[in-house]
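Some notes on the structure that comes next.
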Amino acid sequence: MPRVGLAGLGVMGWWIAANLRKAGHLVAVYNRTREKAERFSKEYGVEVARSPKELADKADVIITMLSDSDAVSSFVGSVMDYVGGKTLVDMSTIHPSVSVKLAQEVSRRGGKMYDAPVIGTSVFAQQAKLTVLLGGPKEGKEAVEDMLKATAQTVVYVGPNGAGLYAKLVNNLMVGVYVAALAEALEFGLKAGLDPNVITEVLSKYTSASPTTAGLKLPKMLNGDYSVQFATKHMRKDLEIIQDEAKGLKSPTLLSSLALQLYRITENMGYGELDYSAVKEVISGKRR
Ligand SMILES: NC(=O)c1ccc[n+]([C@@H]2O[C@H](COP(=O)([O-])OP(=O)(O)OC[C@H]3O[C@@H](n4cnc5c(N)ncnc54)[C@H](OP(=O)(O)O)[C@@H]3O)[C@@H](O)[C@H]2O)c1
């Protein structure tokens, strides 16, 4: 079994390390603020590395779960002379371009690097139920997948270096907009006097803003098949009703007013009677 070392005992890294320890993989931890690593060591009985180099000395596989591109660049930079024969697995969410450059340098030094960003918050991490989107060299990926299964319910190999991070950003683009829209929809409903429980039930149980809609609309977008399920003109109309009502309610409509403009353009481009998934053509800038 490879010896695993982990750097970054933050909100996520702590639980990932704990799961790897329970599975018998983890031998050492490093954290910039040493007292966190010492607390972890006391609780889980693994060694504390006092520097990135010491972690690299103790481990064959080095996992990083750090804040951002600068943190990962700085950590990987400081172990670059010791990565020969080792595997680096970066679970942080960072710039794919930065990750790819680091992976190339690691490869020149005789090591391997994977980007392995995760979907799921600390609760998922604690329960070993994360989803990992793995990018990196195909050869040898099975060993990395097996090791990650100690902390993830699902590990999906998505392609070469950087692909895991791009897949993660695709997800976060959607989630970032979705949660902001959720806030806007909630406020609109509250201002209209709806019972918060009704709003919660509609948006969590009955809503069509769900993966089912993605499953329905993504093939239409990819194939340019805008045969009508729900017409653009109707989506435009519904968003206009929301704008009209929101005026009286004094409810902010930042995202829904932007969406209305997008569907107006879709309609002006000739897709009024066709499916509203044709908004994809506005985004990609193609004329019908
Ligand atoms: N939290 C989530 O729900 C979640 C979900 C999915 C993905 N992510 C991603 O996972 C990563 C970690 O998130 P987190 O929530 O665990 O963050 P966090 O709690 O803020 O932990 C960040 C970790 O990075 C270390 N660090 C920061 N800058 C550093 C530097 N320059 N050099 C060395 N170490 C440094 C911190 O060390 P110190 O203890 O010394 O500060 C800490 O261990 C992020 O990229 C985040 O976007 C988070």
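Please treat every number below as a calculation from the coordinates, not as lab data. Note that the coordinates shown come from a computational prediction; the quantities given were computed from them, not determined experimentally. We place every Cβ from the backbone using ideal geometry, glycine too, and count neighbours over all the protein chains shown.
Quick look at the numbers
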read-out	value
Rg ratio (alpha-carbon, reference 2.2 N^0.38 Å) - the chain	1.24
Value of relative contact order over the chain, rounded to a whole percent, pairs C-alpha under 8 Å and six or more apart	12
Dipole-positive endmost among 248, 212, 27 within the chain (Cβ charges, Cα centre)	27
Separation of the residue 194 and residue 206 label points, Cα + 7 Å toward Cβ, nm	0.9
Whole-angstrom gap from the stretch 1-50 to the stretch 64-88, using each part's C-alpha centre	16
Hypothetical label at residue 149: residues of the stretch 1-43 whose amide nitrogen lies under 17 Å (7 Å Cα-Cβ projection)	1-2, 19-26
Restricting the stretch 1-100 to trypsin sites (Lys or Arg not before Pro) in coil, as DSSP defines it, with at most 15 other Cβ within 10 Å	3, 50
Listed residues 26, 222, 133, most fluctuating in the chain (Gaussian network, C-alpha, under 10 Å)	222
Axial C-alpha extent at least 24 Å, average Kyte-Doolittle at least 0.5 - helices from the chain (DSSP)	163-191
Highest-fluctuation residue, 111, 215, 77 considered, GNM on the chain with Cα pairs under 10 Å	215
Contour excess over end-to-end distance, with Cα ends at residue 254 and residue 42 and 0.36 nm allotted per residue	71.4 nm
Low-density loop cleavage sites - trypsin sites (Lys or Arg not before Pro) in the stretch 200-251, where at most 16 other Cβ are within 10 Å (DSSP)	250
Trypsin sites (Lys or Arg not before Pro) restricted to the stretch 119-149 and DSSP loop, no more than 12 other C-beta within 10 Å	138
Exposure rule at most 15 other beta-carbon atoms within 10 Å, DSSP loop GluC sites (Glu not before Pro): the chain longest free segment	1-138
The chain: antiparallel DSSP beta bridges as a percent of all, rounded to 5	15
Cβ-based charge dipole, the chain, positive-most Cα from 269, 125, 91	91
Lys, Arg +1 and Asp, Glu -1 on Cβ, resulting dipole of the chain about Cα centre, debye, nearest 20	360
Antiparallel %, DSSP beta bridges [both residues in the stretch 4-160], to 5	10
Gain in span if fully extended, residue 243 to residue 68, counting 0.36 nm per residue against the direct Cα distance	59.2 nm
